[in-house]
Amino acid sequence: MRLVLIGPPGAGKGTQAERLAAHLHVAHISTGDLFRAHLRDRTPLGLQARRYMDAGELVPADLTVSIVRQRLADQPADGFILDGFPRTTDQARALGSLLAETGTALDAVVELVVPEEVLIQRLLARGRTDDVDAVIRRRQNVYWEETAPLLAFYRDRLVSVDAVGPIEDITDRMLTALRTVHAVESG
Ligand code: AMP
């Protein structure tokens, strides 16, 4: 399974990607986690990415695509869940090219649907260094401006899941929705 998770900041992508990856025995690849690891290790890439992350802006595409290219190259072929990438239609095209190089493609794109007031509450409770009021609002706006257009870009493989409620229930909904996609594809 090669999947992409899409949803605004606070939709639970990280939590659900981790759970889904364990169920499906595929890798969980989060560009946010990769950037934060670089930052912790004070690599040049991490230091370059930092000011964008602190401001809630997107890290430039060349840095982002290269980090994903590297991670996919480390990855055995049996599948992945991408969490936080792609975030723009340009990144989605770059991902399409990266996958085409190995003769593969995405199986499905899963959208996590959460109302805005729930998102803000979750983010304020999370308390990451980029979870302060102004940056939270900026990240939401960047999502609606830059990332939401991906929903149309991927409409032929898009599965939308209600992502409000107990964590386990949401994972179950995602797995059910993905089984439908697979059934449709194979039959
Ligand atoms: P996340 O953990 O997905 O919320 O990402 C945290 C921050 O990392 C974002 O606010 C961006 O600054 C940066 N980032 C993560 N993924 C990407 C991406 N695909 N493109 C650009 N910037 C990204």
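The values are calculated or read from the model by the stated rules, or taken from the named source; none is laboratory data. None of the values given here were measured: they were computed from a predicted structure. Note: ideal-geometry Cβ built from the backbone for every residue, glycine included; neighbour counts use all protein chains shown. These accessible areas exclude ligands, DNA and RNA; they are computed on the full protein's heavy atoms, side chains included. Shrake-Rupley method; radii C 1.70, N 1.55, O 1.52, S 1.80 Å.
Going by what's in this entry, would Ala125 be described as surrounded by fewer than 13 Cβ atoms within 10 Å (Cβ to Cβ) and farther than 29 Å from Asp62 by Cβ?
yes
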Which members of the range 59-105 meet the condition of being among the polar types (S, T, N, Q) and out of contact with any Phe, Trp or Tyr (no Cβ under 8 Å at 6 or more places or on another chain)?
-> Ser66, Gln70, Gln75, Thr88, Ser97, Thr102, Thr104
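Yes or no, residue by residue, for (1) more than 12 Å from the ligand (Cβ to nearest atom); (2) loosely packed, with under 15 Cβ neighbours inside 10 Å:
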{"site": "Val4", "(1), (2)": "no, no"}
{"site": "Gly7", "(1), (2)": "no, no"}
{"site": "Gly12", "(1), (2)": "no, no"}
{"site": "Ala22", "(1), (2)": "yes, yes"}
{"site": "Val26", "(1), (2)": "yes, no"}
{"site": "Ala37", "(1), (2)": "no, yes"}
{"site": "Leu47", "(1), (2)": "yes, yes"}
Collect the residues in the range 1-16 that are in a loop (DSSP other than H, G, I, E, B) and under 22 Å from Ala148 (Cα atoms), keeping them in residue-number order.
-> Gly7, Pro8, Pro9, Gly10, Ala11, Gly12
Residue check, Asp33 exposed (fewer than 12 other Cβ atoms within 10 Å of the Cβ) and among the acidic types (Asp, Glu) = no
Checking Val118, Val142 in turn, the sole residue that is within 14 Å of the ligand (Cβ to nearest atom), assigned to a helix (DSSP H, G or I) and either open to solvent by 50 Å² or more (accessible area, probe 1.4 Å) or under 22 Å from Pro9 (Cβ atoms) (or both) turns out to be Val142
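Got a sec? Which helices (runs of 4 or more DSSP H) wholly within the range 17-83 have at least 2 residues that are free of Cβ contacts under 8 Å to residues at least 24 places away in the same chain and more than 25 Å from Leu123 (Cα to Cα)?
The helices (runs of 4 or more DSSP H) meeting that bar are 44-55, 61-73.
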Please work out which one of (1) among the acidic types (Asp, Glu); (2) touching a strand residue (DSSP E or B) at 6+ places or on another chain (Cβ under 8 Å); (3) free of Cβ contacts under 8 Å to residues at least 24 places away in the same chain is the condition Glu111 fails and give its number.
-> (3)
Out of Leu112, Leu106, which single residue is open to solvent by less than 60 Å² (accessible area, probe 1.4 Å), away from the ligand (no atom under 14 Å from the Cβ) and modelled with pLDDT of 95 or more?
-> Leu106
How many residues are within 21 Å of Ala152 (Cα to Cα) and surrounded by fewer than 14 Cβ atoms within 10 Å (Cβ to Cβ) when one looks only at the range 57-95?
-> 2
